[in-house]
Each structure stands twice: as C-alpha cells, then as structure tokens.
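Heads up: the structure comes next, in structure tokens.
The values are calculated or read from the model by the stated rules, or taken from the named source; none is laboratory data. In this text the structure is predicted, and so the values were computed from the model without any measurement. Note that we place each Cβ from the backbone using ideal geometry, even for glycine, and neighbour counts take in every protein chain shown.
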Amino acid sequence: MSAPAKPAPLTNEEKRWRLVEVVMRRYGFSGDALIEALHAVQETYGFIDEESMRKVAVALNLPLSKVYGVATFYHFFHLKPKGRHTCVVCMGTACYIKGADAIMQKLAAEFGIKDGETTPDDHLSVMTARCVGSCGLAPAIVLDQQVLGHIGPDQIVQHIKELES
C-alpha cells in the first residue's frame, strides 16, 4: 500500500485569496460584507482588479455591477497598482480656491503624471479626492497617509523628492 498523496502546496495566489475568503466568511458571505471584502482584496493585492471583483461578486452573490460601483465610488479603493508613495490632493472647495489646481499642474509638470497615474518607475502615484476633511489646512495634501496643510506646489514637490533619498 502506498501512502496517500499529499495535496499540492497552495500557490501564492491561492494563499492571498484565502485571506480574502476569511473576511467574507466572518460576515457569513453576506452582501453586507462587500466593503470589508474589497478592503481585504486591496490589503492583500495592493489594488482591486477585475478578476477579484468577479470573485467577490460570486462569493457574496452580488451583481458585478454593484461590486464595481462600490469599488469605484470610494476614493480609497484603487483599481490599478499604486506606487511606493501616494500623494492625494484634496480638490474640495476650500482647497481648490487656495491652490489645489496649481499643485496638480506642478505635479504633472514635475513628475509627468496626472490624476490617477503612477510614474513609470512605480515611485509615485498621484490622486485627487473630493475632500479629505481638513478644510482648515487648505490646500491639504495626504502624502503617504500623512496630512500636510497650507502647502504650495513647490513645497509638495520638495516633500516628494525627499522621499526619494
């Protein structure tokens, strides 16, 4: 008699997906788990791709359109891989009036990327947000999850360049 065959080891992809399944299981694979499941996908993979959205839709018995709608509605979900550093420019009324558009123009000129893009070397991703809730600091920038306020175009470029060193 031969020993029973060992199951094949899980691939990295399968291991990562199991982490997402744990979150969905915690919520009983209910549609109410959608946002938590999308958070788990993003934490595990770094972004939410179409294949992951399809898997979440099937697992939670939701239409793909609903999963896509939620993933694209909230600015903290990303449908493309992000760079090592992220710069989110607040485009709320107070920030816009105080120069957020000039900051976006400077970032585009300096790094060659626009809203939602990442530099070719994956160093920096630039995004905009409707509001980051720091109107008193206008214009406000969130650089690697740290809020910077009362900042001008040249200052944010300097902060980003300091990240490179």
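Tabulated data for the structure shown
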read-out: Tally, over segment 38-49, of residues that are in contact with a helix residue (DSSP H, G or I) (Cβ under 6 Å, 6 or more places away or on another chain) and either part of a helix (DSSP H, G or I) or exposed (fewer than 12 other Cβ atoms within 10 Å of the Cβ) (or both); value: 4
read-out: Filter pass, Ala57 being at pLDDT 95 or above and surrounded by 19 or more Cβ atoms within 10 Å (Cβ to Cβ); value: yes
read-out: Boolean, Ile113 is over 30 Å from Ser52 (Cβ atoms), in contact with a helix residue (DSSP H, G or I) (Cβ under 8 Å, 6 or more places away or on another chain) and either surrounded by 13 or more Cβ atoms within 10 Å (Cβ to Cβ) or touching a residue at least 40 places away in the same chain (Cβ under 8 Å) (or both); value: no
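Listed here are the residues, each with its yes/no results for (1) at pLDDT 95 or above; (2) among the hydroxyl-bearing types (Ser, Thr, Tyr); (3) buried (at least 18 other Cβ atoms within 10 Å of the Cβ); (4) within 12 Å of the chain's Cα centre (by Cα).
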site: Phe76; (1), (2), (3), (4): no, no, no, yes
site: Cys87; (1), (2), (3), (4): no, no, yes, yes
site: Ala102; (1), (2), (3), (4): yes, no, no, no
site: Thr119; (1), (2), (3), (4): no, yes, no, no
site: Thr128; (1), (2), (3), (4): no, yes, yes, yes
